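Student: Below you will find the structure I want to go over with you.
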Amino acid sequence: KRYLELKNVALQAKNYEEAIVYCNKVLEIDPNSIESWLDKAQATFYLTTSANNRYSEAMSYVERASALQPGDERIYQFKTELTEKQGLWINSLAIDALERAKKMYTEFYRIRYEERFAEQNSAKYYQEAMDYCIEASKYLPFSRTILENIDYVRFCAEWVHWDPIVKE
């Protein structure tokens, strides 16, 4: 009972590493605690960084909860929300990457005053933005915002030879 309290306090304080420690303590005592599996998934997901995407690990904990109680609507909703948050987070990375790409294009153009030079040197930054957009669309395939972002990145860098998936 005390571990449950500590886990909840850590989650409320957004101390996700500590929350995971207490989730593990609860799960040692009660491996069938669906709430603790979901809390562990949430805490793990919020420890995601661009260098270490922990979405898959978090989803594995959701799957453990689902195996304990198949068909539970709450678990389904949690999984859906986590997937949506993942797509939105990756979309925000795409927007940041696009801003860097536009800034790099401007900087390269300012250095040499040659459009071709700016295009060649900023292409990888536009590609990074597009890669994030495509990745976000895997999580939210029907998101109008993400589809518009794909089109906008393509528009900003029409000179890039985009993969056919971009046109799709």
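Derivation of every value follows stated rules applied to the coordinates shown; laboratory data play no part. Just so it is clear, the model here is predicted, and its values are computed rather than measured. Cβ: placed from backbone, ideal geometry, glycine included. Neighbour counts: every protein chain shown.
Student: Per residue, how big is the convex hull around the C-alpha atoms of the stretch 50-97? Give it to me in cubic angstrom, could you? Spell out each step's value before the answer.
Tutor: Details: hull volume 2.3 nm³, N = 48.
In the stretch 50-97, the Cα convex hull volume per residue is 49 Å³.
Student: Using 0.36 nm times the number of residues separating residue 50 and residue 165, minus their current alpha carbon distance, what extension gain do you get? It would help to have the intermediate numbers written out before the result.
Tutor: Working: separation 115, 0.36 × 115 = 41.40 nm, distance 2.32 nm.
That works out to 39.1 nm of additional length.
Student: For residue 1, go through the lysines and keep the ones whose alpha-carbon is under 24 Å away, minus same-chain ones fewer than eight residues off.
Tutor: List returned: 14, 25, 40.
Student: Right, another one. Cα atoms only: what Rg and Dmax, in Å, come out for the stretch 84-168?
Tutor: Every Cα atom of the stretch 84-168 included, Rg and Dmax give 13.1, 42 Å.
Student: Now for a different question. Determine, at each q value in 0.11, 0.12, 0.14, 0.20 (inverse angstroms), the log₁₀ of I(q)/I(0) that the Debye formula gives when each Cα of the chain is one equal point scatterer.
Tutor: Those come out to -0.59, -0.66, -0.78, -1.16, one per q.
Student: Further, regarding this structure: Along the stretch 120-127, what does the Karplus equation 6.51 cos²θ - 1.76 cosθ + 1.60 (θ = phi - 60°) give for ³J(HN,Hα), rounded to whole Hz, x for Gly and Pro?
Tutor: Once rounded to whole Hz, the list reads 4, 8, 10, 4, 5, 6, 5, 5.
Student: Oh, and also: Between the stretch 61-85 and the stretch 1-52, what is the separation of their alpha carbon centroids in Å?
Tutor: What the calculation gives is 15 Å, centre to centre.
Student: Along the charge dipole of the stretch 15-168, pointing to its positive end and built from +1/-1 on Cβ of Lys, Arg, Asp and Glu, which listed residue (82, 150, 41) has its Cα farthest out?
Tutor: So the residue we want is 150.
Student: Given charges of +1 on the Cβ of Lys and Arg and -1 on the Cβ of Asp and Glu, with all other atoms neutral, how large is the dipole of the chain about its Cα centre, in debye to the nearest 20?
Tutor: Using Cβ point charges on Lys, Arg, Asp and Glu, the chain gives about 280 debye.
Student: If you take the alpha carbon radius of gyration of the stretch 1-67 and divide it by 2.2 N^0.38 Å, what ratio comes out, to two decimals? Can you show the working numbers first?
Tutor: Values: Rg = 11.2 Å, N = 67, 2.2 N^0.38 = 10.9 Å.
That ratio works out to 1.03.
Student: Now for a separate question. Pop the C-beta distance of residue 131 and residue 77 into the FRET formula with R0 = 41 Å and round what comes out to the nearest 0.05. Let's see the in-between values first.
Tutor: Working: r = 29 Å, r/R0 = 0.72.
The calculated FRET efficiency here is 0.90.
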